[in-house]
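The values are calculated or read from the model by the stated rules, or taken from the named source; none is laboratory data. Here the structure is a predicted model, which is why all the values come from computation and not from measurement. Heads up, the Cβs are rebuilt from the backbone with ideal geometry, glycines too, and the neighbour counts pull from every protein chain shown.
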Amino acid sequence: MLLGVQLIKAPFFIMPHSHSHSLSGISTKQAGRPTVAFAHLGCEKNRVDTEHMIGLLEDAGYGVSPNEEDAAVVVVNTCSFIQDAREESVRTLVELADKGKELIIAGCLAQHFQEELLTSLPEAKAIVGTGDYQHIVEVLEKVEAGERVNKVSQTPEFVGDENLPRHRTSGASVAYLKVAEGCDYRCAFCIIPKLRGNQRSRSIESIVKEAYQLAKQGVKELILISQITTNYGLDLYGRPCLEDLLRALGDVEIPWIRVHYAYPTGLTKEVLAAFREVPNVLPYLDLPLQHSHPDILKAMNRPWQANLNSSLLDRIRELLPEAILRTTLIVGFPGETESHFEHLASFVESQRFDHVGVFTFSPEEGTLAASLSNQVSSELAISRKDRLMSLQQPIAAAKNSSWVGRTVDVLIEKQNPQSGELIGRCARFAPEVDGEVFLRTSDIQTKVSPGSMVSGLITGSDLYDLSGEVVGAKKMISAIRTRD
Ligand code: SF4
């Protein structure tokens with residue numbers, strides 16, 4: 001057992017390396033220093049930290065490779081958000097250890113288990129906390145000198161900025177920009193504040209500078225990320241400043257700016273006005289509402305959201321009628337009765353979100369919710385998840401089909417070399433979590449490079465994706481914005 005995860009050395013249990021996120025954008029750089037390999041798991045916030053570590057190592061003269069065969073030392077940037085994520089991280093570590101690799105364990109698992117990782121895994125040569133990745137070069141140098149290193153700040157306080165070297169791995173056209181790190185809320189189910197610390201925002205100037213750097217690199221879609229982006233700036237300026245940030249980013253020549261994680265309390269009239277008025281800010285709102293029933297929201301330690309859901313959504317629809325709405329929900333939270341669940345089901349039915357993600361509750365040691373006595377069985381939680389998803393499916397299909405007949409901008413991500421078909425996304429779809437757009441070209445010989453934007457007439461839809469044909473060259477502003 002390692003960290004409560006059963007380690008069975010059989011192919012079924014060993015995570016295929018492809019389950020960790022692709023870092024194919026890394027180029028091996030030969031220099032006086034050896035090559036280090038990277039494996040990356042977890043969310044896009046973790047991805048940004050990985051990109052900074054790669055940038056720092058490359059600047060220090062190390063070669064960096066996504067392939068562990070190239071290196072004796074592998075930096076594994078881990079996730080510890082829920083049990084499944086921990087298992088995936090641990091399996092990656094064990095697989096690499098079995099191959100005789102020395103490991104530097106960074107990220108949430110290192111922050112979570114700290115010294116325990118060093119004592120239970122001899123191949124672990126260093127642990128690096130979520131607020132310590134900026135020291136990766138110094139850590140690696142010590143490991144090379146034969147030391148075992150514990151570089152984990154008890155309270156993570158660091159947040160990277162535009163001056164920290166960064167090697168992007170999300171392709172040429174999409175970039176994630178971390179506007180803040182950490183979270184000041186204490187939702188009963190969530191371990192993130194423990195792993196990432198309290199919120200610390202970057203200044204507007206720093207974020208805008210980085211956005212200009214990314215625009216220069218040809219980025220077409222900038223995704224602002226943090227735990228609660230609607231709370232951006234509160235710690236730094238004494239008030240939430242998302243509106244000011246969006247307006248400042250309006251001058252940067254990046255056609256799409258997408259905001260990830262808008263919380264109910266932060267969607268003020270002013271913030272919605274910025275979404276409406278700044279031409280490159282997409283009217284796409286990802287609202288992790290988690291539940292609709294006031295009792296459950298209270299038990300989740302999110303009472304500020306109770307009774308606000310419907311009025312909030314009404315306000316969004318009034319002030320930003322073209323908004324694409326995504327939400328994530330948790331079923332099977334301790335104490336969730338059939339009637340609480342029915343409340344959630346009718347909420348989903350009546351609100352008609354474009355995209356819904358449903359998670360079953362996962363009791364995380366160290367959180368309040370894990371110690372609650374009235375836990376819901378996992379079978380019941382899974383069946384509630386299935387019921388909610390089957391309710392949402394016809395809604396999602398209908399929402400998607402309402403796009404048939406429209407002409408939209410599509411950011412091309414790849415092209416099928418045989419058929420010439422283009423695959424990309426319109427503003428309605430965020431990368432990784434939503435669908436794709438498949439476009440036929442009039443001439444299969446036409447080559448379109450990834451990162452191009454084309455106009456596509458939508459002629460077909462299914463549950464998740466849209467299809468159609470290319471009708472023209474790019475328009476740089478989202479086709480969602482019909483009023484412009
Ligand atoms: S669920 Fe979100 S808001 Fe709540 S503590 Fe976790 S990160 Fe913060």
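Listed values, structure above:
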read-out: Members of the stretch 385-433 that are acidic (Asp, Glu) and not in a helix (DSSP H, G or I); value: Asp409, Glu413, Glu421, Glu432
read-out: Which listed residue, of Glu162, Glu144, Glu181, is within 30 Å of Val219 (Cα to Cα), of a type outside the set (A, V, I, L, M) and either surrounded by fewer than 21 Cβ atoms within 10 Å (Cβ to Cβ) or modelled with pLDDT under 95 (or both); value: Glu162
read-out: Which listed residue, of Val143, Val128, Val139, Val159, is within 16 Å of the ligand (Cβ to nearest atom), among the aliphatic types (A, V, I, L, M) and not assigned by TED's automatic domain parsing to the domain that holds Ile257; value: Val159
read-out: Test set (1) of a type in the set (S, T, N, Q); (2) closer than 20 Å to Arg47 by Cβ; (3) over 17 Å from the mean Cα position of the chain (by Cα); (4) within 16 Å of the ligand (Cβ to nearest atom) - Asn198 fails condition number; value: (2)
read-out: Test: residue in the stretch 228-238 that is outside the structural domain of Cys43 (by TED's automatic domain parsing), closer than 26 Å to Gly42 by Cα, of a type in the set (Asp, Glu) and within 15 Å of the ligand (Cβ to nearest atom); value: yes
read-out: Candidate set: the stretch 411-428, residues that are surrounded by 19 or more Cβ atoms within 10 Å (Cβ to Cβ) and over 21 Å from the mean Cα position of the chain (by Cα); chosen: the one modelled with the highest pLDDT; value: Leu422
read-out: Restricting the stretch 299-318 to residues that are away from the ligand (no atom under 14 Å from the Cβ) and surrounded by 16 or more Cβ atoms within 10 Å (Cβ to Cβ), the residue that is farthest from Arg425 (Cα to Cα); value: Ala306
read-out: Flag for Ala273 being away from the ligand (no atom under 14 Å from the Cβ), in contact (Cβ under 8 Å) with a residue 40 or more places away in the chain and in the same structural domain as Phe359 (by TED's automatic domain parsing); value: yes
read-out: Test result for Leu222, more than 16 Å from the ligand (Cβ to nearest atom), surrounded by 22 or more Cβ atoms within 10 Å (Cβ to Cβ), assigned by TED's automatic domain parsing to the domain that holds Leu368 and within 20 Å of the chain's Cα centre (by Cα); value: yes
